[in-house]
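The values are calculated or read from the model by the stated rules, or taken from the named source; none is laboratory data. As the structure is a prediction and not an experimental result, all values here were calculated from the model. Backbone-built Cβ (ideal geometry, glycine too); neighbour counts: all protein chains shown. These area figures cover heavy atoms from the full protein model, side chains too; ligands, DNA and RNA do not enter into them. Shrake-Rupley method; radii C 1.70, N 1.55, O 1.52, S 1.80 Å.
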Amino acid sequence: MKAISWIWSELTRPRGEQVHRFHGAARARGSERGIALLMVLTTLVFMIVLVTEVAYGARIRFLKAAHARDDVAAQYLAQSGINIYRLVLVADRQLSSSSMSSMLGGAASSGMNEGTSADLSLWKMVPAINTGLLRMFFVTDGDVDEDDAERFATEGLSEDEVEETRASGHFGKKSFLDFEGDFAAEISDEDRKINITRLGQSCGGPCSMALLQEDVIALQLFALMSGEDNDQWFYDRSIDRWELIANLLDWIDEDTDRTFRGGYEDSLYNSLDSPYLSKNAKFDTMQEIRLVDGWQDDDVMERFADQITIYGDGKININSADDEMIKALLRGAFTTSLSDADAEMLLSNIQTYTMVGDWSDGKDFVEYLKNNSGRELRDEEALKNAVKTSSTTFRVESVGMVAESTAQVVAVFDFSNSKVGRVKYWRVD
């Protein structure tokens, strides 16, 4: 009965009042639907942001892992270049000590100038190596023309050629050179440079400036810095060559007195923004030279750093020394000064003489200068003891590349008292 009464009352209610009540109910239902829609949209936005953030983070972690993997692969590829050259050097040492080397050297030396011999050093035959060069010889059996050789050396294998090596490599179903990435390495000997750690050894104790100017290594450095171009270069910068040389000596000698102009060694470094003391010990790395007063100048290092070293026995290999080093030896060899023109002429004569072979020993080099220079040698015995004709210390630089990752390894090996080479320096960048 209550329900019938309510229905009758609604039907008999005035129409305006009915419409008002209907609209109020509609507005209530619309408000509820708007809130629900807003909640759905908010949830969707939140989920999109969350999923995007998770996906982005996963992508970043994946890329970091991929780059880390490529960095490690690039480093080991660079080390592969180092190890290949170490193997070459070990084989070279074994070959040089074998009887076969003497036989081959004697056969190759026939017809050469007196005082010269054939140099069969393996490392000289392969001064640079890379994966393109290796693939040219091992993957293609060396059967390539000149254009292909150049392409292999610079680009390596194409994708199709790599696939072929996978199907028909030399080692089972896969070539030992079938890997992602490349490396390029090169070798040079440290014995072709001036060893600055030997400065002042001929003084027999503390070096005065007068004694330093008679020291063998100091004279070699001064001769290296001589010549008309260098004279002008030093004049323009108001730099004294003997001061540069003396500062190197002060860094490695045991006392604290300045060799050049006297005073206290550390006074050169106490006034710097970040002061430090002289080491008074031998250099550990080439980078340490930049701590020495005068050698902090980039111009000085760029001009002379390639001709100096901290490794080796102090003797210069005249068979591997470059033209600038040979001219430095010539400038310091005679009692009278040597002009640039005279040095160039004598160097040209030496190059012609050794065109078919290398020097047999230091004695032959001294005899040639004595008989063909028209000048008096300063000290024949000292010059003979300052040079040699073979190297035992080598620098190998190798770069590994995988995708966008690059790694460089630099190593120095000393074979003077080791058959496998003692590691004197190792750096990974």
Index of the failed condition, Val420 passing every other in (1) free of Cβ contacts under 8 Å to residues at least 24 places away in the same chain; (2) open to solvent by 70 Å² or more (accessible area, probe 1.4 Å): (1)
In the set Asp379, Asp429, the lone residue that is under 24 Å from Ile308 (Cβ atoms), at pLDDT below 95, open to solvent by 10 Å² or more (accessible area, probe 1.4 Å) and in contact with a strand residue (DSSP E or B) (Cβ under 6 Å, 6 or more places away or on another chain) is Asp429
How many residues does the stretch 315-328 contain that are in contact with an Asp or Glu (Cβ under 9 Å, 6 or more places away or on another chain) and small (Gly, Ala, Ser)? 2
Within the stretch 242-261, identify whether any single residue is under 29 Å from the mean Cα position of the chain (by Cα), in a loop (DSSP other than H, G, I, E, B), buried (at least 20 other Cβ atoms within 10 Å of the Cβ) and modelled with pLDDT of 90 or more, and answer yes or no. yes
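Residues checked against (1) open to solvent by 20 Å² or more (accessible area, probe 1.4 Å); (2) in a helix (DSSP H, G or I); (3) without any contact (Cβ under 8 Å) to a residue 12 or more places away in the chain:
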| residue | (1), (2), (3) |
| --- | --- |
| Val300 | no, yes, no |
| Arg303 | yes, yes, no |
| Gly314 | no, no, no |
| Leu329 | no, yes, no |
| Ser337 | yes, no, yes |
| Ala343 | no, yes, no |
| Phe365 | no, yes, no |
| Ser398 | no, no, no |
| Gln408 | yes, no, no |
Counting only residues that are among the small types (Gly, Ala, Ser) and either touching a helix residue (DSSP H, G or I) at 6+ places or on another chain (Cβ under 8 Å) or under 17 Å from Ser202 (Cβ atoms) (or both), how many does the stretch 249-269 have? 0
If only one of Val356, Val420 is among the β-branched types (Val, Ile, Thr), at negative phi and in contact with a strand residue (DSSP E or B) (Cβ under 8 Å, 6 or more places away or on another chain), which one is it? Val356
Within the bounds of the stretch 268-285, is there any residue that is part of a helix (DSSP H, G or I) and either touching a Lys or Arg at 6+ places or on another chain (Cβ under 8 Å) or more than 22 Å from Met325 (Cβ to Cβ) (or both)? yes
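For every residue, the table says whether it meets (1) of a type in the set (Phe, Trp, Tyr); (2) modelled with pLDDT under 80; (3) loosely packed, with under 14 Cβ neighbours inside 10 Å; (4) in a helix (DSSP H, G or I).
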{"site": "Leu44", "(1), (2), (3), (4)": "no, no, yes, yes"}
{"site": "Ala65", "(1), (2), (3), (4)": "no, no, yes, yes"}
{"site": "Ala74", "(1), (2), (3), (4)": "no, no, no, yes"}
{"site": "Gly106", "(1), (2), (3), (4)": "no, yes, yes, yes"}
{"site": "Gly111", "(1), (2), (3), (4)": "no, yes, yes, no"}
{"site": "Asp119", "(1), (2), (3), (4)": "no, yes, no, no"}
{"site": "Thr140", "(1), (2), (3), (4)": "no, yes, no, no"}
Is it true that Ala333 is hydrophobic (A, V, I, L, M, F, W, C) and closer than 22 Å to Lys424 by Cβ? no
Looking only at residues that are part of a loop (DSSP other than H, G, I, E, B) and either closer than 24 Å to Gly314 by Cα or in contact with a strand residue (DSSP E or B) (Cβ under 8 Å, 6 or more places away or on another chain) (or both) in the stretch 367-376, which one is least open to solvent (accessible area, probe 1.4 Å)? Ser373
